[in-house]
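The values are calculated or read from the model by the stated rules, or taken from the named source; none is laboratory data. Remember, it's a predicted structure, so these values are computed and weren't measured experimentally. All Cβ positions, glycine included, derive from the backbone under ideal geometry; neighbour counts span all protein chains shown.
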Amino acid sequence: MLKVGLTGGIAAGKSLVGEMLARMGAQVVQADVLAHELMQPRQPVYEEVVRRFGPGILDRDGKVNRPRLAEAAFGNPAEGKASRIKELNQIVHPAVIKREDEWMAEVGRRDSGAIAVVEAALILEAGASERFDRLIVVTCRAEQRVRRWARKMKMDEETARAEVWRRMAAQLPDEKKVEVADYVIDNSGSLDDTQQQVREVFAKLRDEAGAKD
């Protein structure tokens, strides 16, 4: 089995590339989905996050309100609120990484020649890249991130720009990620252009997986 990390900055197009890889035959899991599962009531991660960040991050039904948690974690220097993103990551990352490893182990048991792809924004920031045989980094231009985030979150571009820059400040710049990537997907162009790049990368991954099998 070939273990592949798929990463990139906010709104770069990781999920799009992950969907393309899945359609081509890769097994794909999103770290964000795993984190969401771990944040459900009565889960240990949920309990610790609520203990640290307070009940103000919860909806009326007791579930974590992700925008509120993001506001508490990223802080607001203009209001004198320091960033606590490292604190949040220290709670969530170990549990997510453990779940990812369990998922990859299960994929390997089912198919020793599989390509197991973990899509996660903070693979490098979490110091978790050594767990993968190959690393794919997805990039695009900064203003494209803003427009995509605005569409995704249904907000105006000015608000989206502030949020994108706030989140980018907690991530490694693309230049650093590209330096350690095995493959880079430039998602700045057309959908067809991105698909062609993904197709070429997948062919190489398939050959590598076959060689390992």
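Listing for the model above:
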| quantity | calculated |
| --- | --- |
| Selection within segment 147-205 - β-branched (Val, Ile, Thr), within 16 Å of the chain's Cα centre (by Cα) and at pLDDT below 95 | 164 |
| Subset of segment 157-173 that is in a helix (DSSP H, G or I) and in contact (Cβ under 8 Å) with a residue 40 or more places away in the chain - its residue that is nearest to residue 144 (Cα to Cα) | 164 |
| Tally, over segment 192-213, of residues that are touching a residue at least 24 places away in the same chain (Cβ under 8 Å) and part of a helix (DSSP H, G or I) | 12 |
| Residue check for residue 118: farther than 20 Å from residue 198 by Cβ, touching an Asp or Glu at 6+ places or on another chain (Cβ under 7 Å) and in contact (Cβ under 8 Å) with a residue 60 or more places away in the chain | no |
| Failed criterion for residue 189 (all others in (1) in a loop (DSSP other than H, G, I, E, B); (2) touching a residue at least 40 places away in the same chain (Cβ under 8 Å); (3) of a type outside the set (Ser, Thr, Tyr) hold) | (2) |
| Of all residues making up segment 104-156, the number that are part of a helix (DSSP H, G or I), acidic (Asp, Glu) and within 30 Å of residue 209 (Cβ to Cβ) | 2 |
